[in-house]
Amino acid sequence: MAPTELVLFDDARARRWSPFVEARPVGELRFGDRLLRERVEAVTGLRCTASWSGPGLEGWDEPEAPPCRAVPTEPLAHGLLLWSSRVVPLHIPDLPNEGTLTFTVEDAVVGWRLGPGDDIPPESALADPEQYRIGTAVDVQAEVLGWPWTLVDRFSDRLRGDLEARAREDEDPGELPGVHRIGAGPLAVGPDVEIGPGVILDLRDGPIRLDAGVRIEGPARLVGPLHLGPGCVVFGGHVCRVAAGPVCKLRGEIADSVFVGYANKAHDGYLGHALVGRWVNLGAGTSNSDLKNSYGNVRVQLPRERISTNLMKVGVFLGDHVKTGIGTLLTTGGVVGAGSNVFGGGPAAPRYLPAFSWSSATGVEPFRFDKFVEVAQAAMARRGKSLTPGVEDVLRRLRAATHESK
């Protein structure tokens with residue numbers, strides 16, 4: 001009864017991963033050198049065909065990603081592997097050929113193998129998998145990510161392991177004209193990569209991988225572990241322990257940060273210990289704090305709660321399509337919701353901004369949705385992309401739910 005289909009679900013904890021989960025399923029966030037979804041696909045050998053992420057994301061249809069769908073109510077007609085989106089599988093043991101299975105990590109339920117005729121777990125069980133233990137329990141090796149800041153805190157170790165594993169199959173490019181290599185760590189360079197003179201590649205603490213079409217302009221210092229996805233450009237600066245998805249534009253001082261993809265930080269300014277959603281654009285001089293003056297524990301404000309991270313270094317969390325103006329200052333542990341526009345300089349932006357905030361030095365008000373769509377379409381068209389009907393509808397509903405009384 002081998003499953004033929006993989007579906008990821010966002011449990012109740014994953015649905016609190018603001019400001020990301022309001023606009024994309026958790027499986028489409030980056031951890032190490034790939035998306036969380038891609039990590040599950042690689043270990044299970046199955047292609048993910050859908051995400052079950054709650055009513056707010058139903059209809060989400062970003063290209064090259066499985067769509068978000070409603071949970072079916074009919075019994076299954078085929079085998080299905082149902083897996084928690086925030087659980088990173090490392091090893092799944094040999095499984096019996098027949099029978100329903102409940103997967104656990106240290107006795108906590110993280111997913112199920114279901115067969116033809118089996119009932120699909122109800123929404124309540126997807127929110128709280130502990131209440132749905134069926135068939136035979138199988139304990140697996142996996143890493144459970146509690147919160148978005150957990151992902152940022154752990155990504156560099158995961159990235160280092162990913163790149164070291166891939167280096168066994170990569171050919172080292174050898175000496176590169178005008179480029180200075182420090183350390184003996186692995187270096188992988190894809191086709192059509194351009195590295196200008198005056199670039200330093202520091203491999204002492206981890207590998208560096210530059211995918212197809214990456215361009216690095218000097219003077220710049222890249223420090224591993226570091227992975228730049230296809231089409232990324234570094235316009236100079238100090239880029240240290242970064243994982244960036246496709247077509248990101250980077251400059252300035254960037255440390256210990258993850259870019260999901262198609263983001264611009266193309267100017268000077270500091271960005272550290274940050275998780276940056278898709279289609280984010282940071283204006284010149286935008287900087288964030290990732291350390292309190294007291295060196296104390298950072299607390300993060302989410303829509304309905306304030307949570308202690310138990311971490312000393314926590315940067316900012318920027319949802320999809322966030323824009324900042326020149327000289328914007330972002331606070332330690334700051335959260336900016338999807339579709340927000342932050343500008344005006346002056347004091348630091350509020351610690352928490354809900355989705356579709358229009359935040360200036362004089363206050364915060366809702367961002368008009370028609371204007372947001374106009375800006376998003378213009379920005380995406382520059383990369384040959386467009387806002388799909390499904391994603392636009394998800395964002396429209398998010399805007400209405402966030403500002404329904406305004």
Quiz item: If you take the residues in region 227-247 that are of a type in the set (Gly, Ala, Ser) and crowded, with 24+ Cβ neighbours inside 10 Å, which one is farthest from Gly315 (Cα to Cα)?
Solution: Gly229
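Residue by residue, here is whether (1) closer than 25 Å to Gly231 by Cβ; (2) without any contact (Cβ under 8 Å) to a residue 40 or more places away in the chain; (3) part of a helix (DSSP H, G or I); (4) among the aliphatic types (A, V, I, L, M) holds:
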{"site": "Asn297", "(1), (2), (3), (4)": "no, yes, no, no"}
{"site": "Gln301", "(1), (2), (3), (4)": "no, no, no, no"}
{"site": "Ile307", "(1), (2), (3), (4)": "no, no, no, yes"}
{"site": "Glu365", "(1), (2), (3), (4)": "no, no, no, no"}
{"site": "Ala376", "(1), (2), (3), (4)": "yes, no, yes, yes"}
{"site": "Ala379", "(1), (2), (3), (4)": "yes, no, yes, yes"}
{"site": "Leu387", "(1), (2), (3), (4)": "yes, yes, no, yes"}
Exercise. Could you check Ala127 against (1) small (Gly, Ala, Ser); (2) touching a residue at least 24 places away in the same chain (Cβ under 8 Å); (3) over 30 Å from Arg299 (Cα atoms) and say which number it fails?
Key: (3)
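Here is a yes/no grid of residues against (1) touching a Phe, Trp or Tyr at 6+ places or on another chain (Cβ under 8 Å); (2) within 18 Å of Ala12 (Cβ to Cβ):
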site	(1), (2)
Pro66	no, no
Asp118	no, no
Leu126	yes, yes
Gln131	no, yes
Gly161	no, no
Quiz prompt | Number of positions in region 230-263 that are over 22 Å from Thr150 (Cα atoms) and either out of contact with any Phe, Trp or Tyr (no Cβ under 9 Å at 6 or more places or on another chain) or not in a strand (DSSP E or B) (or both) | solution = 13
Exercise. Give the residue, chosen from Arg160, Arg215, that is assigned by TED's automatic domain parsing to the domain that holds Gln301, in contact (Cβ under 8 Å) with a residue 60 or more places away in the chain and of a type outside the set (Asp, Glu).
Key: Arg160
Quiz item: Counting just the residues of region 273-287 that are surrounded by 20 or more Cβ atoms within 10 Å (Cβ to Cβ) and assigned to a loop (DSSP other than H, G, I, E, B), which one comes out farthest from the chain's Cα centre (by Cα)?
Solution: Thr286
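Each row is one residue, and each column tells you yes or no for (1) among the charged types (D, E, K, R); (2) touching a helix residue (DSSP H, G or I) at 6+ places or on another chain (Cβ under 9 Å); (3) surrounded by fewer than 19 Cβ atoms within 10 Å (Cβ to Cβ).
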| residue | (1), (2), (3) |
| --- | --- |
| Val189 | no, no, no |
| Pro197 | no, no, yes |
| Leu203 | no, no, no |
| Arg209 | yes, yes, no |
| Pro225 | no, yes, no |
| Lys249 | yes, no, no |
| Val260 | no, yes, no |
| Ala263 | no, no, no |
| Leu271 | no, no, no |
Practice problem: Among what's in region 1-37 and is more than 15 Å from the chain's Cα centre (by Cα) and part of a loop (DSSP other than H, G, I, E, B), pick the residue that is farthest from Ser156 (Cα to Cα). | Solution: Met1
Quiz item: So which residues in region 116-165 are exposed (fewer than 15 other Cβ atoms within 10 Å of the Cβ) and of a type in the set (Lys, Arg)?
Solution: Arg133
Quiz item: Among the residues of region 94-115 satisfying the criterion of being more than 20 Å from Val40 (Cβ to Cβ) and touching a residue at least 60 places away in the same chain (Cβ under 8 Å), which is surrounded by the most Cβ atoms within 10 Å (Cβ to Cβ)?
Solution: Gly99
Quiz item: Hey, among Arg181, Arg154, Arg133, which residue is farther than 30 Å from Val214 by Cα, at pLDDT 95 or above and either of a type outside the set (Gly, Ala, Ser) or assigned to a loop (DSSP other than H, G, I, E, B) (or both)?
Solution: Arg133
Quiz item: Filtering region 366-395 down to residues that are surrounded by 13 or more Cβ atoms within 10 Å (Cβ to Cβ) and among the acidic types (Asp, Glu), which residue is farthest from Ile326 (Cα to Cα)?
Solution: Asp393
Exercise. Check Gly27, Gly45, Gly54 and return the single one that is at positive phi and crowded, with 18+ Cβ neighbours inside 10 Å.
Key: Gly54
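The values are calculated or read from the model by the stated rules, or taken from the named source; none is laboratory data. Owing to the predicted nature of the structure, the values given are computational and were not obtained by experimental measurement. When we count neighbours, we look across all protein chains shown, and the Cβ atoms used for this are built from the backbone with ideal geometry, even at glycine.
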